[in-house]
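The values are calculated or read from the model by the stated rules, or taken from the named source; none is laboratory data. Keep in mind that this is a model prediction, so the values were computed, not measured. No Cβ is skipped: glycine too gets one built from the backbone with ideal geometry, and neighbour counts run over all protein chains shown.
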Amino acid sequence: MNNNRYVLTFILIMTATVAVLLTGLREATKARADRNEDIFNKRAILSAIATKLDEPVKSMTDDQVVQIFQDDMEQLVLDMEGNVLEDIAAEEIDMAVERKKPESNRKLPLYIYKANGNNTYILSVRGNGLWDEIWGNIALESDLNTIAGAAFDHKGETPGLGAEIKDNPKFSQQFSGKKIYANSEFVSIDVVKGGAKADNQHAVDGISGATVTADGVAEMLYRGIKYYEPYLSQLQQSSMVLPAEQ
């Protein structure tokens, strides 16, 4: 009986010791983990404006990434009516959390890259792929119609198929130069199975064998960009910028 008591006491002491050590380790590394996640997210946002940067995002140091956000990036948070919310930065918005809220209560992050006298507006979108959530950042030129660039990511799409939205740069590169308005009407960008026509300014080629993921990207873009329309409309009216007729 005494032996069993000693064994039980030893196990309890060891369990408590390990728990304390793990807690201490987590707290000791939390600041670094938070910074790494912040830098990762910033790189994803910059990937949508890769063509406007002086060097590839992957080649930038962490300090360079942070410096761009400090010097050239304005951050806004919008409500679903297009109003700018005060005292909160775009990087504080977790799109995965917002997506669980009723649509009317959601907040939208908006990044405005300001360089060479032009504004580029970066919108964040989130949706569903085949297996889990997908998301992306879509950059609009100052005409609020032409796509300057796009970058996508996913949680669990199939390598070589749905995961190509991230892994194959040719997929995201197709979006540059496409238009989200046709005759002043919002149409977004379709992802076409079998390939989009070369002269179609509102569609890109899908991914062979990944129809569900491609459809998810198209739905995500339409719904996600449309969330920003109240703000974009206000901006168009205030600056007299109108979507080009396409």
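Remarks
- For the stretch 197-207, a tally of residues being without any contact (Cβ under 8 Å) to a residue 24 or more places away in the chain and under 18 Å from LEU130 (Cα atoms) returns 1.
- Scan of the stretch 104-142 for residues that are in a loop (DSSP other than H, G, I, E, B) and hydrophobic (A, V, I, L, M, F, W, C), ordered by number: LEU130, TRP131
- Identity of the residue in the stretch 96-124, more than 13 Å from the chain's Cα centre (by Cα) and small (Gly, Ala, Ser), that ends up nearest to ASN137 (Cα to Cα): ALA115
- Among residues of the stretch 42-63, those that are surrounded by 15 or more Cβ atoms within 10 Å (Cβ to Cβ) and either in a helix (DSSP H, G or I) or among the polar types (S, T, N, Q) (or both), counted: 9
- Counted as qualifying within the stretch 143-234 are the helices (runs of 4 or more DSSP H) with 1 or more residues that are of a type in the set (Gly, Ala, Ser) and buried (at least 18 other Cβ atoms within 10 Å of the Cβ), namely 169-173, 211-227.
- Residue match in the stretch 72-90 (condition: hydrophobic (A, V, I, L, M, F, W, C), loosely packed, with under 15 Cβ neighbours inside 10 Å and under 26 Å from SER176 (Cβ atoms)): no
- Close Cβ contacts (under 8 Å, 6 or more residues apart or on different chains) running from residues in the stretch 122-136 that are crowded, with 19+ Cβ neighbours inside 10 Å to residues that are acidic (Asp, Glu) and in a strand (DSSP E or B) comprise GLY127/GLU133; ILE134/ASP153; TRP135/ASP153; GLY136/ASP153.
- Residue match in the stretch 25-48 (condition: of a type in the set (D, E, K, R) and modelled with pLDDT of 95 or more): yes
- Taken residue by residue, the stretch 100-109 has at least one member that is at pLDDT 95 or above, surrounded by fewer than 22 Cβ atoms within 10 Å (Cβ to Cβ) and closer than 17 Å to LEU76 by Cβ.
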